[in-house]
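Some notes on the structure that comes next.
The values are calculated or read from the model by the stated rules, or taken from the named source; none is laboratory data. From a predicted model like this one, the values you see are computed outputs, not experimental measurements. Neighbour counts are summed over all protein chains in view; Cβ atoms, including those assigned to glycine, are modelled from backbone coordinates with ideal geometry. Just so you know, the surface numbers come from the protein's heavy atoms only, side chains and all, with ligands and any DNA or RNA stripped out. Shrake-Rupley method; radii C 1.70, N 1.55, O 1.52, S 1.80 Å.
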Amino acid sequence: MKNETATALLMLHPSGLHDDDIRFAALREELLSLPSVKRVDPAPAEGQEINGYLTAKSGAAIGIAGLTLTFAPFALKQAVALLRAWTERQKARSIILEMEGERIEIKASSNREQRQAMELFIQRHTRAPELPTSGE
């Protein structure tokens with residue numbers, strides 16, 4: 001069986017604001033509403049997860065560094081469109097999308113060069129659904 005999912009890491013920029021956990025929860029719900037999205041999981045700060053649970057330092061919760069998005073490989077364009085709409089509502093926030101070691105910043109108000117860069121990113125990371133061959 002071929003790989004049926006793609007994975008991306010989403011991070012807010014600028015990061016570390018006091019209400020990021022609330023924003024991540026709202027974004028997670030929107031992403032899960034897309035039929036092509038399989039999972040959206042919190043990505044804890046690096047090195048801060050033990051057995052699937054966030055750890056605490058000095059009694060304070062660490063928080064979430066981002067979201068891990070698992071989706072159908074042909075659905076990247078749909079996910080990026082949702083992320084752009086979400087950033088428009090966030091006023092002055094952007095999202096860093098990372099796939100296969102490549103990052104792109106998604107902004108609400110992007111110029112022509114940024115839109116072209118997003119299209120190229122989508123083309124490089126989108127796989128069409130595989131159709132059965134005549135021998136199957």
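Tell me the net charge near SER109. Cut-off is 14 Å between Cβ atoms, SER109 excluded, with +1 for each Lys or Arg and -1 for each Asp or Glu. It works out to a net charge of +4. Taken along the Cα-to-beta-carbon direction at a fixed 7 Å, the label points for LEU32 and HIS13 span 2.7 nm.
The GluC sites (Glu not before Pro) of the range 89-118 that meet both conditions, a loop assignment by DSSP and at most 10 other Cβ atoms within 10 Å of the site Cβ, are GLU100. Rolling a 1.4 Å probe over the protein heavy atoms leaves HIS125 with an accessible area of roughly 10 Å². For LYS91 and ASP21, the FRET efficiency from 1/(1 + (r/R0)^6), where r spans their Cβ atoms and R0 equals 30 Å, is about 0.95.
Other residues lying with their Cβ under 12 Å from the Cβ of TRP86 contribute a combined charge of +4, Lys and Arg counting +1, Asp and Glu -1. Multiplying the residue separation of ALA117 and THR5 by 0.36 nm and removing their Cα-Cα distance gives an extension gain of 38.0 nm. Extension gain for THR68-THR126 works out to 19.2 nm (0.36 nm per residue, less the C-alpha to C-alpha distance).
Taking loop as defined by DSSP and a crowding limit of 13 other beta carbons within 10 Å, which trypsin sites (Lys or Arg not before Pro) in the range 61-113 fit?
Those satisfying the criteria are LYS91.
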